[in-house]
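Heads up: the structure comes next, in structure tokens.
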Amino acid sequence: MIAPQALVAIGGRATRLRAEDVRVGASKSFMVSGRRPLLYWCLKSLHAAGVRRLVLAGNEPVHLSKAEAVLRCAHFEFDSVVYVQDAGLGLHGLPAQLTGLLEDNVLFEAGHGISHPRHYLAMLARKNPDNVVFSAFPTNPANPRYRVLVDGEGRGHPALGPSKWSGLGPPLALAQPMLIDRRYVELLAAFDYTVDRIADHYLATGRLAAVRSGLPVEFDLSGEYRVAMGWYRLSLAADPAAERPWSAAALAPAGTG
């Protein structure tokens, strides 16, 4: 599959982080590591994976102005960038709100999440016309994300399913980035824009795929924030100019199992 358009959510209120006295600023996308906002590293990786068309959605004008500033200073360019102020009604309903701007296949990413380009490419390789592809991470009991078992071909199975799946190892937590399509967007309303309910649907019909990530999960809680930022500090500090192309030396490649 040719690299699709990317929808990147750059807003949000970071309510849980702020409640734990973490200084967030405008949004999580603009927290800094490696002398750059996290959004910069997110977009750089998407670009390295071949993405050239972006929709950037934030619920406040400041999110959009800051995103424009990030791209003005970047040493890479996209063919098309659309900035949209969304209604702030929740992350997972965003594709439905913006359906008129989206192509048939879309990488749906959080602006504060960093994935290796190889992870995006593995997601593209796993996509077919019927499925949706999530990213899979080790579980965190403090943040109970949707959990699945993932087999060697990347198919998701119920975490509490039959014993025949018991050899697949511990359950993994699903999170962004996701590779979605028009059918997924059309189904969102029927499932109340709730990611767990729509994941249930795809899982029950054997159409949920996942790619394991070797990078930290996009963070919601202070513990996840500390892990992610600590990892980013070590990895991005290896790039003194903050511009070296993505490589195995700069970031460990994502798992594709």
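The values are calculated or read from the model by the stated rules, or taken from the named source; none is laboratory data. Since the structure is predicted, the reported quantities are computational estimates derived from the model, not experimental observations. Positions of Cβ are backbone-derived with ideal geometry, glycine not excepted, and every protein chain shown enters the neighbour counts. What goes into the accessible areas is simple: the full protein's heavy atoms, side chains included, and nothing from ligands, DNA or RNA. Shrake-Rupley method; radii C 1.70, N 1.55, O 1.52, S 1.80 Å.
Among the residues of region 176-192, those that are of a type in the set (A, V, I, L, M, F, W, C) and open to solvent by less than 10 Å² (accessible area, probe 1.4 Å) comprise Met178, Leu179, Ile180, Leu188.
Scanning region 55-80 for residues that are of a type in the set (A, V, I, L, M, F, W, C) and over 18 Å from the mean Cα position of the chain (by Cα) turns up Val62, Leu64, Ala69, Val70, Leu71, Cys73, Ala74, Phe76, Phe78. Checked against the criteria, Ala74 does not count as in a strand (DSSP E or B), without any contact (Cβ under 8 Å) to a residue 60 or more places away in the chain and either surrounded by 24 or more Cβ atoms within 10 Å (Cβ to Cβ) or not hydroxyl-bearing (Ser, Thr, Tyr) (or both).
Tallying residues that are touching a residue at least 12 places away in the same chain (Cβ under 8 Å), under 20 Å from Asp86 (Cβ atoms) and surrounded by fewer than 20 Cβ atoms within 10 Å (Cβ to Cβ) within region 17-29 yields 1.
Every condition in (1) part of a helix (DSSP H, G or I); (2) crowded, with 17+ Cβ neighbours inside 10 Å; (3) not polar (S, T, N, Q) holds for Val51 except the one numbered (1). Taken together, the residues in region 193-219 that are closer than 15 Å to Pro138 by Cβ and either open to solvent by 50 Å² or more (accessible area, probe 1.4 Å) or not hydrophobic (A, V, I, L, M, F, W, C) (or both) amount to 5. Please indicate, with yes or no, whether at least one residue in region 118-132 is β-branched (Val, Ile, Thr), touching a residue at least 40 places away in the same chain (Cβ under 8 Å) and part of a helix (DSSP H, G or I). The answer is no; no qualifying residue exists.
Does Leu7 satisfy the criteria of being crowded, with 22+ Cβ neighbours inside 10 Å, assigned to a helix (DSSP H, G or I) and touching a helix residue (DSSP H, G or I) at 6+ places or on another chain (Cβ under 7 Å)? So Leu7 fails the test. Across region 96-117, the number of residues qualifying as outside any helix (DSSP H, G or I) and either more than 19 Å from Ala199 (Cβ to Cβ) or open to solvent by less than 20 Å² (accessible area, probe 1.4 Å) (or both) comes to 15. Those helices (runs of 4 or more DSSP H) of region 179-257 in which at least 1 residues are touching a Gly at 6+ places or on another chain (Cβ under 6 Å) and modelled with pLDDT under 95, considering only elements entirely within it, cover 222-236.
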